[in-house]
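Trainee: Got a structure for you, questions after.
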Amino acid sequence: MRPEQKIRSDQEIRSEQEFRAAQKVRKLTHEGVEAFRRYLERLRGDTIEDPPIHLLTDAKASRAVHGAGCVEPRSFKTRLDMARYLDSVLEGIDADELESGVGLWSWLSLFYFDQVCPPDRQGERQPGSAYRYILVPDYRHGHNHLLAGAHLVYSVFGLGEALSKLLLCSRTDSENSFCKELAGRQNVITNRGIMAAAHELYYNPHTRRPKRGALNKKNAPGTLARFIHVIQQLDLNYDLYSMTGAEIVGLLPAEFDPWKN
């Protein structure tokens, strides 16, 4: 075995040992982010390759984050579970870093890569678009990041336990349609009354899932698409930011009556 091969193997062993223990949160450097991006590109080319977890602690690929706590390797059932946990361990980090820190959220995506991009039985992964793992900090794609988007809904916009369930009840490796349609609209996701109305209409507390049929046929009465359209019309004549969820539900036409709890 060539000497450089043995050194590289030792580094990989150390990285694996560190990866299986609690780690203080770090952030990827530009070099680390680009190495992660190249890995994602290789996966999209049907390559079977383990995540480059050595980037998590490599001095050139990552650096410390002020105020960071420690994260543990663990499994989450839903994005809500994941958001709840991250909210507790990231509370000491600067708000700007949490909202737009590309390196921070890329590091966390790599740390939890088996959660956000799990392999199938053959070891293959289907990563999809890079913005699911490498944060694009804008309203168009920010919510698509599987970790940062969940934290955005739960913590940054303050929906918490009460109103995050509809958007974050999906598995950790997928963004459901409610999150895509509602979190992707700034005037909707920032309006607690609208989000409370959507929760009232479409969340089933017994199954802990969205109500069946809410995403059917684009123009079907009372569906999510109709809700968004009607809300946009109401916003022209009402100050929806000053209204509660119940008050907004009260403004909706009769087509929404069957969806009310």
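Trainee: Tell me which residues come under 5 Å, amide H to amide H, from Asn204 once H is placed; ignore anything under 5 positions away on its chain.
Mentor: Arg209, Lys211
Trainee: Then there's this: Between the helical axis of 3-19 and the dominant principal axis of the chain, each derived from Cα atoms, what acute angle in degrees is found, rounded to the nearest 10?
Mentor: The angle comes out near 40 degrees.
Trainee: Now, a different point. Where a Cα-Cα gap under 22 Å defines reach, which lysines qualify for Lys24, not counting those fewer than 8 residues away within the same chain?
Mentor: Lys60
Trainee: Straight-line reach from Lys218: which lysines have a Cα under 20 Å away, not including same-chain ones fewer than 8 places off?
Mentor: Lys180, Lys260
Trainee: While we're on this one: So what's the angle, to the nearest 10 degrees on a 0 to 90 scale, between helix 30-44 and the longest Cα principal axis of the chain?
Mentor: 80
Trainee: Tally Lys/Arg at +1 and Asp/Glu at -1 over every other residue whose Cβ is under 11 Å from the Cβ of Pro205; what's the total?
Mentor: +3
Trainee: If you filter the stretch 72-154 for trypsin sites (Lys or Arg not before Pro), then keep DSSP loop positions with at most 15 other Cβ within 10 Å, what is left?
Mentor: Arg74, Lys77, Arg121, Arg140
Trainee: For the stretch 127-192, what mean projected area does the convex hull of the alpha carbons give, in nm²?
Mentor: The orientation-averaged projected area of the Cα hull of the stretch 127-192 comes to 4.0 nm².
Trainee: Given the DSSP H assignment, sum -39500 (n - 2.57) over each helix run of at least 4 residues in the chain and divide by its residue total; what's the result at 222 nm in deg cm²/dmol, nearest 500?
Mentor: Per the formula, -12000 deg cm²/dmol.
Trainee: Taking K and R as +1 and D and E as -1, what net charge do the other residues with C-beta under 15 Å from the C-beta of Pro137 add up to?
Mentor: My count for the surroundings of Pro137 gives -2.
Trainee: Using bins 10 angstrom wide from zero, how does P(r) for the stretch 108-251 break down, in % of all Cα pairs?
Mentor: With 10 Å bins starting at 0, P(r) equals 11, 39, 34, 13, 3, 0.
Trainee: Using alpha carbons only, what's the Rg to Rh ratio of the stretch 61-178 with Rh from Kirkwood?
Mentor: Using only Cα positions, Rg/Rh for the stretch 61-178 is 0.94.
Trainee: While we're looking at this one, here's another question. Can you tally the net charge around Glu175? Count Lys and Arg as +1, Asp and Glu as -1, for every other residue whose Cβ sits under 11 Å from the Cβ of Glu175.
Mentor: That sum, taken over residues with Cβ under 11 Å, equals +2.
Trainee: Using Cα atoms only, what is the angle between the long axis of helix 102-111 and the major principal axis of the chain, expressed in degrees (0 to 90) to the nearest 10?
Mentor: Orientation of helix 102-111: about 70 degrees from the principal axis.
Trainee: Continuing with the same structure: Considering the Cα trace of the chain, what is its radius of gyration and what is Dmax, both in angstroms?
Mentor: 20.6, 75
Trainee: Follow-up question, since we're still on this one. Work out, in µm²/s and without decimals, the Stokes-Einstein translational diffusion coefficient of the stretch 187-235 at 10 °C, 1.306 mPa s, Rh from Kirkwood over C-alpha pairs.
Mentor: Translational diffusion coefficient: 139 µm²/s.
Trainee: Using a simple charge model, +1 on the beta-carbon of Lys and Arg, -1 on the beta-carbon of Asp and Glu, nothing else, what dipole does the stretch 157-231 show about its Cα centre, in debye to the nearest 20?
Mentor: With Lys and Arg at +1 and Asp and Glu at -1, about 260 debye.
Each value in this text was obtained by applying a stated rule to the coordinates, not by laboratory testing. Because the structure is predicted, anything quoted here is derived from the model rather than measured. Virtual Cβ from ideal backbone geometry, glycine too; neighbours counted across all protein chains shown.
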